[in-house]
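First comes the structure, then the notes that go with it.
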Amino acid sequence: MRKEKKECGVSPEGLGRRQFVNAAALAGLAGLAGCTEDKKNAAAAPAAPPSAPQAGASKESQLSPKPGQLDEYYGLWSGGHLGDVRVLGMPSGRELHRIPCFVPDPLVGWGITNESKAVMGTKPDGSLRYAVADTHHVHGSYKNGNYDGRYAWINDKINCRLARLRLDYMICDKITDLPNVQGFHGIFPDKRDPVDEKINHTTRVFCGGEFSTPLPNNHVGDPEGKDYHSIFTCVDAESMEVRWQVLIDGNCDLVATSYDGKLAATNQYNTEMGLKYEDMMSAERDACLFFNVARIEAAVKDGKFKTVGDSKVPVVDGTKAANADPKTALTCYVSVPKNPHGVNASPDQKYFVCSGKLSPTCTVIELAKVLDWFDGKLEKPDGAIVAEPEVGLGPLHTAFDGRGNAYTTLFLDSQVCKWNIDAAIKFYKGDKNSKYVVDRCDVHYQPGHLNASQSETVAADGKWLGVGNKFAKDRFLPVGPLHPENEQLIDISGEKMVLVADHSIRSEPHDFIIFKREILQPKQVYTLDEFPLATKDAKDSGVFRDAKNPHKVTVRITSVAPAFSLREFTVKKGDEVTLILTNLDKVEDLTHGFAIPFHNIQFIVNPLETKSVTFKVEKPGVYWCYCTNFCHALHLEMRSRMIVQA
């Protein structure tokens, strides 16, 4: 059993390994927080018993598919510091693809080709603006409350960028910078247009700014941060232009949206607006902040906004003090405990669930009651709270099975807790016999993000639950000081959760979504007309020198296995060369690469795709250009010579 000392320490005597790890982590956290009452209660609660291995696991829990079979689901995972999106087949966990976004990728030439640089953004000298990223949250576009397979979006927390992915080709096609923001964390698309009810698909993406700064952030500001604020942002899903922003109190964490399009929300920690962690956790309650989207858009339309610094983006006032009157308020602050980490929308379209992190509870908020407050029908925002179930130590994120159950990760308990929403509401109303905790499952160790198949859609099917664990410890072969993380798969098709698989993952992925494969029909071959620079006939290949600027040269090449259309081409020292390569092969899988030694050139072209690179040649000589993707029995012979004359 866990023991608590008056000085908030924990005795390791008599504790098992898991209990000691959890108790030690709790003790450290309690010491930071000053042993508040909530954590005393949490520490006093007995450790939840682990789930016993299930003898009769469901058919789905037998690891499938077999060799040669296709997965039932796609999964899109954030790539963390690699700045990309991982595409997995589920439930196998097989990695199928990586979609580069914010960071160069030498396989496909992302950050090397002119087309990718145009998406990523460059400095005046042509170099990339940023070479690092920190991706956290990936979410897909919706239609009628379910994913539609058109787009997905992912954030870059470091440099405050939002990337859009075209899921037909599994490529990043746009990146938008968010002004006035630092620490861009949570995102979520709307599920229908909040203004025009006839538009039943995603039109906006909402973005939470985590860190507070002086605005505009071109001066130091008050040393105590009294003039600091955070910003919540709305981006147009199609144009990827920033529509508007909201000035708010507190730091944004994750973001959620209602199914009717009327509300967006972010869970908030540090409503104290502290600059140090001690101050950020001093209050017992923080907030889930709701945005009335239609009212905000009306205010922008009526000119009731300001701009900040050099940005022309409309910024409305969403601070608590400016929104006390519910009938005119743009925002609604619902009180939740404590330093919450995560807000998620239930598939029945009724509730948002916030997790307490420094409280052992989750908070269930009824969306209809939030709208009642905006209409003046509810006296206080906190009246929208309909349950606060105690689920365990360190609750972070919540997923759903579509059968009324929620699944919450417990960071300190190293567990997933399955609990019933309706039973939790009954308990909150006074029925103390209502048992809302259904099951617990040990995971290894310290789980963060989780998601279930189709979880935050109306089509949640309750089959699979993925859990991302931050510490693998001795779960895998040791590989030095940097351990892999552990992503685990749980069968949730029955009453009891069944842990069925471990997957070692390089640090540090974050959130993900899992959706039915029928939703997505990726294209296997490009069309030449999609590329304005395409060379449609090999006879049009050649070297073309600019008559007005003789040191600018365009080289057009096509590829058809096993040969490039130009077996050689000649340029001169000092030339700026733009090389355009079109792959004229039409066969699926027949991808060619193109590399030039000592010129930092390597990229691939898929069937009927065109890419270009621009570089300077500075040293005379012969440089063998070669195909880098195995494409043919004569792949090694597939070459061209770049001859650089003095």
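The values are calculated or read from the model by the stated rules, or taken from the named source; none is laboratory data. All values derive from a computational prediction rather than experimental measurement. Every residue, glycine as well, gets a Cβ built from its backbone with ideal geometry; the counts of neighbours run over all protein chains shown. Quick note on the areas: whole protein, heavy atoms, side chains included, nothing else; ligands and nucleic acids left out. Shrake-Rupley method; radii C 1.70, N 1.55, O 1.52, S 1.80 Å.
Annotations
- Debye intensity ratio in log₁₀ form over the Cα atoms of the stretch 530-605, taken at each q of 0.13 Å⁻¹: -0.41
- Long-range tail of P(r) for the stretch 205-305 (Cα pairs > 23 Å, %): 31
- Heavy atoms of residue 81: accessible area, 1.4 Å probe, square angstrom to 10: 100
- Quotient of C-alpha Rg and 2.2 N^0.38 Å, computed over the stretch 339-411: 1.11
- Farthest toward positive dipole pole in the stretch 528-570 [+1 Lys/Arg, -1 Asp/Glu at C-beta], among 547, 528, 562: 547
- Over all distinct Cα-Cα pairs of the chain, the Kirkwood formula returns a hydrodynamic radius of 26.6 Å.
- Heavy atoms of the protein chains alone define the surface here; on that basis the chain has 42 Å² accessible area per residue at 1.4 Å probe size.
- Part-to-part distance (alpha-carbon centres) for the stretch 306-328 and the stretch 347-365, which is given in Å: 27
- Interatomic Cα distance distribution for the stretch 439-580, bins of 5 angstrom, percent: 2, 8, 12, 11, 9, 7, 5, 6, 8, 11, 10, 7, 3, 1, 0
- With N as its number of residues, the stretch 371-443 has a Cα radius of gyration that, divided by 2.2 N^0.38 Å, comes to 1.26.
- Selection of GluC sites (Glu not before Pro), the stretch 171-246, meeting DSSP coil and at most 16 other Cβ within 10 Å: 197, 224, 238, 241
- Cα-Cα over 24 Å, subset of 548/572; 262/369; 516/586; 117/552: 516/586
- Debye intensity ratio in log₁₀ form over the Cα atoms of the stretch 519-646, taken at each q of 0.17 Å⁻¹: -0.84
- Rounded accessible area of residue 77 (nearest 10 Å², 1.4 Å probe): 10
- Note on the stretch 266-373: semi-axes of the ellipsoid equivalent to its C-alpha gyration tensor, largest first and rounded to whole Å, are 26, 20, 12.
- Descending Cα extents along the principal axes, the stretch 66-164, whole Å: 50, 33, 22
- Candidate cross-link partners of residue 226 among the lysines, defined by an alpha-carbon separation under 17 Å and a same-chain spacing of 8 or more, comprise 276, 320.
- Note on surface exposure: 380, 117, 548, 429 rank 548, 429, 380, 117 by accessible area, highest first, 1.4 Å probe.
- With every protein chain in place and a 1.4 angstrom probe, the accessible-area ranking of 102, 411, largest first, reads 411, 102.
- Normalised contact order of the stretch 586-642, rounded percent, pairs of Cα under 8 Å and 6 or more residues apart: 36
- The stretch 492-531: Cα Rg divided by the 2.2 N^0.38 Å rule of thumb: 2.00
- Restricting the stretch 239-294 to trypsin sites (Lys or Arg not before Pro) in coil, as DSSP defines it, with at most 12 other Cβ within 10 Å: 276
- Calculated [θ] (222 nm, deg cm²/dmol) that DSSP helices of n ≥ 4 give over the chain, each run adding -39,500 (n - 2.57): -2500 deg cm²/dmol
- Shape parameters for the stretch 580-646, alpha-carbon atoms, Rg then Dmax in Å: 12.7, 41
- Of the accessible area of the chain, computed with a 1.4 Å probe over protein heavy atoms only, carbon and sulfur atoms account for 53 percent.
- Per principal axis, descending, Cα span of the stretch 85-229 in whole Å: 51, 44, 29
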